[in-house]
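Here's the structure, in structure tokens; my notes come after.
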Amino acid sequence: DTLSDAGLELLQPMLESTDVAKIAHDYKALWRELRRRGVDLHGVVGDTRLESFLVDPNKLIPHRLGQLSKQYLQRALRPNKTFIGSGKSLKLFSAIEVADAADHAAERATTVAGLWPAVRSELEDAGQLEQLLERDIPLSRILGQMELDGVEMDTNNLATMGEEFRSR
């Protein structure tokens, strides 16, 4: 739980609106987590993670927000573990004081907002804007839904394939 039901209820109309443009970092993961909470995110016009990947797939792998922040903004993000702990001291986001959670969210939102113009400019220079808008952002929703739905496995066929590989 990262946001109370009441808080999410207040944000839901804006998150679902196609009239409110939004920039994300890892739209697929954000869309998937919001769908789990009953929100259908719309209006995303940019994804700094996808855009960085399209500019140069082999640079900054796996295109984490902290990596992009260092590259484009020359500043480090505080790691999540400084905020929510780790191991036995790990806390749910919902257990964090509201003021601390707001600071954490604001740092990330400010970073995405700061990154987006530079990454978008490089994306346009690389001729990849259409790829992002027409294919990758829509595909993110499809892949997110597939992750929510899971896959059905034919265990008999899988066992047969395993036997074939073992016999080689």
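The values are calculated or read from the model by the stated rules, or taken from the named source; none is laboratory data. If you're wondering where the values come from, they're calculated on a predicted model, not measured in any experiment. For neighbour counting, all protein chains shown are included, and Cβ atoms are generated from backbone atoms with ideal geometry for every residue, glycine included. The accessibility values were calculated without ligands, DNA or RNA, using every heavy atom of the protein model including side chains. Shrake-Rupley method; radii C 1.70, N 1.55, O 1.52, S 1.80 Å.
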message: So the check is Cβ under 9 Å with 6+ separation or different chains; which pairs have a first residue in the stretch 84-95 that's more than 15 Å from E33 (Cβ to Cβ) and a second one that's part of a loop (DSSP other than H, G, I, E, B) and open to solvent by 70 Å² or more (accessible area, probe 1.4 Å)?
response: I84/L90; I84/K91; I84/L92; G85/K91; A95/D1
message: If I go through the stretch 25-51 residue by residue, how many of them are within 13 Å of the chain's Cα centre (by Cα) and closer than 17 Å to E122 by Cα?
response: 7
query: helices (runs of 4 or more DSSP H) wholly in the stretch 95-168 with at least 2 residues that are surrounded by 12 or more Cβ atoms within 10 Å (Cβ to Cβ) and more than 18 Å from the chain's Cα centre (by Cα) - which ones?
result: 98-125
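Could you tell me which residue of the stretch 8-32 is surrounded by the most Cβ atoms within 10 Å (Cβ to Cβ), considering only residues that are among the hydrophobic types (A, V, I, L, M, F, W, C), in contact with a helix residue (DSSP H, G or I) (Cβ under 7 Å, 6 or more places away or on another chain) and in contact (Cβ under 8 Å) with a residue 60 or more places away in the chain? Please lay out each step first, then the result.
Residues of the stretch 8-32 among the hydrophobic types (A, V, I, L, M, F, W, C): 8, 10-11, 14-15, 20-21, 23-24, 29-31.
Pick out the ones that are also in contact with a helix residue (DSSP H, G or I) (Cβ under 7 Å, 6 or more places away or on another chain) and you get 15, 20, 23-24, 31.
If we keep only those that are in contact (Cβ under 8 Å) with a residue 60 or more places away in the chain too, we end up with 23-24, 31.
Values: I23: 19, A24: 21, W31: 25.
Checked the stretch 8-32; the qualifying residue surrounded by the most Cβ atoms within 10 Å (Cβ to Cβ) is W31.
Could you check, for the stretch 64-74, whether at least one of its residues is part of a helix (DSSP H, G or I), among the polar types (S, T, N, Q), open to solvent by 60 Å² or more (accessible area, probe 1.4 Å) and under 21 Å from E124 (Cα atoms)? It would help to see each step written out before you state the result.
Step one: filter the stretch 64-74 for residues part of a helix (DSSP H, G or I), giving 65-73.
Subset that is among the polar types (S, T, N, Q): 67, 69, 71.
Subsequent filtering for residues that are open to solvent by 60 Å² or more (accessible area, probe 1.4 Å) retains 71.
Next cut, under 21 Å from E124 (Cα atoms) only: 71.
Yes, that holds for at least one residue.
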- request: Go over the candidates D149, D154, D103 one by one and state the one that is modelled with pLDDT under 95, among the acidic types (D, E) and closer than 18 Å to K28 by Cα.
  value: D149
